[in-house]
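As structure tokens, the structure follows; a few thoughts come after it.
No value in this document is a laboratory result; all are computed from the given coordinates. Just so it is clear, the model here is predicted, and its values are computed rather than measured. Here the Cβ positions follow ideal geometry from the backbone for every residue, glycine too, while neighbour counts run over all protein chains shown.
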Amino acid sequence: MRYFVACLALCSSPAFAEPQFITCESLSVVDGDTIRCDGQRMRPMGPGAPYVSGFDAPETGNRARCDEERILAARATLRMSELLETPGLLIEDSGEVDPFDRPLIWLRLPDGSTIGEVMINEGLARVWLPGRRNDWCND
């Protein structure tokens, strides 16, 4: 199965900006809020803008702070994997990268919503805001 990444081109005039598409031969899940496209880690966002808002999923493995977080992280990772199989999924590049050099992207479903919105609505992720760390063990 092939996947397409929409890359918003930065042109001298916004009127001439056209999306560029990249074919991903391989699309996989790292965890509930990180994917890998042809080996490149990418950080999906919710419906927000880069560095303004996004979504945060629980940490996996030894990065989890409690068993509850670890269990929810496994569920979030599985759900992200299921959602990546959605026919017509579009990966849209914001043109920005996070502090770990991962491109910040939107995973858009055919209805225009984002996978981040679905994950939040299903209780598998929370809204991320700058300077905020979600506590999955005491909330």
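In a DSSP loop and with at most 15 other Cβ atoms within 10 Å, the chymotrypsin sites (Phe, Trp or Tyr not before Pro) in the range 29-125 are Y51, F100. Checking every one of the trypsin sites (Lys or Arg not before Pro) in the range 99-136 against DSSP loop status and a limit of 11 other Cβ atoms within 10 Å picks out R132, R133. Distance from the C-alpha centroid of the range 105-139 to that of the range 81-95: 15 Å, rounded to the whole angstrom.
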